[in-house]
Amino acid sequence: MSRLSAGAHNLNIDSKHFKLYATAELDNAGLLNIQLGRGAVDYESVRTIHSGQSARADYSGDYTSAAVELSYAMEPSKKTLVMPYVSLDYGKVNVDAYTETGAGGMNLNVESQRYDSLIFGLGLKAQHAISDSVVLSWDTGVGFDKRSDAPETIARFTEGGPSFTTYGHDLDRVVKNAGLAANVKVFDSGQLSLRYDYTARSGLSDEAVSLSLKLPL
């Protein structure tokens with residue numbers, strides 16, 4: 001929820017997504033990881049203006065992601081694995097156009113929006129086996145977003161008038177990330193993972209907890 005000079009804006013986001021993973025061993029120590037993702041997003045917006053009226057809108061969007069990572073494995077001990085890596089991540093978000101209702105002449109027609117990013121990264125991953133079936137892993141890295149620009153929204157009042165542009169937070173191109181996971185071997189060759197991820201850039205931060213099941217094809 002954001003507080004504005006002329007009221008407040010509450011935005012609820014509901015997303016559904018899936019990812020495909022592929023891994024290839026390049027030699028005895030090299031590893032290539034590829035991820036492809038696709039998702040759908042539903043937005044519920046309530047914008048309260050100075051008169052006390054609420055402008056409401058429900059709209060949708062989608063996003064696409066692709067990532068390539070090349071790592072090199074080193075074993076300081078039989079139970080510990082350390083992997084420096086380089087990566088390339090691409091993401092694109094599309095948001096549909098929408099029209100607000102409920103606030104009379106203060107309702108807005110908002111144009112569709114598109115945001116994308118291309119992040120070159122490097123970092124370090126580590127794994128430690130605490131038993132034959134449980135492995136703890138952690139990672140940290142830094143990236144540079146070559147295509148990151150401040151988000152902008154173009155809108156006009158529903159009763160007419162010229163369009164105007166509202167600019168969002170100016171994003172830093174440097175992205176920092178860290179993660180921690182517990183991985184449990186299941187079904188002989190599968191893996192169940194509980195993971196926590198943290199990402200930060202220009203005063204903004206994002207935290208995520210995920211549960212995933214990986215099975216060989």
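The values are calculated or read from the model by the stated rules, or taken from the named source; none is laboratory data. Not measured: the values here are computed from a predicted model. All accessible areas refer to the heavy atoms of the entire protein, side chains included, with ligands and DNA or RNA removed. Shrake-Rupley method; radii C 1.70, N 1.55, O 1.52, S 1.80 Å.
Odds and ends about this structure:
- Going by accessible surface with a 1.4 Å probe and the largest first, 25, 207, 100 read 25, 207, 100.
- Long pairs among 19/125; 19/79; 19/185; 125/185, criterion Cα-Cα beyond 27 Å: 19/79
- Note on exposure: 89, 27, 188 ranked by accessible area (1.4 Å probe, complete protein assembly) read 188, 27, 89, with the most exposed listed first.
- In region 1-129, the alpha-carbon atoms span a convex hull of 141 Å³ per residue.
- 201, 38, ranked by accessible area, largest first (probe 1.4 Å): 38, 201
- Within the listed set 46, 95, 86, the Gaussian network model of the chain (springs between alpha-carbon atoms below 10 Å) gives the highest mean-square fluctuation for 46.
- Taking all protein chains as shown and a probe of 1.4 angstrom, residue 169 keeps an accessible surface of around 100 Å².
- Pairwise centroid distance, computed over Cα atoms, of region 105-135 with region 28-70, Å: 10
- Solvent-accessible surface (1.4 angstrom probe) belonging to residue 135, in square angstrom, nearest 10: 40
- Residue among 127, 53, 35 with the largest mean-square fluctuation in a Gaussian network model of the chain, springs linking Cα atoms under 10 Å: 53
- Directionally averaged projected area (convex hull, Cα atoms, the chain), nm²: 14.2
- For region 117-217, convex hull of alpha carbons as volume per residue, Å³: 161
- Among 146, 79, 92: highest mean-square fluctuation, GNM of the chain, C-alpha pairs under 10 Å: 79
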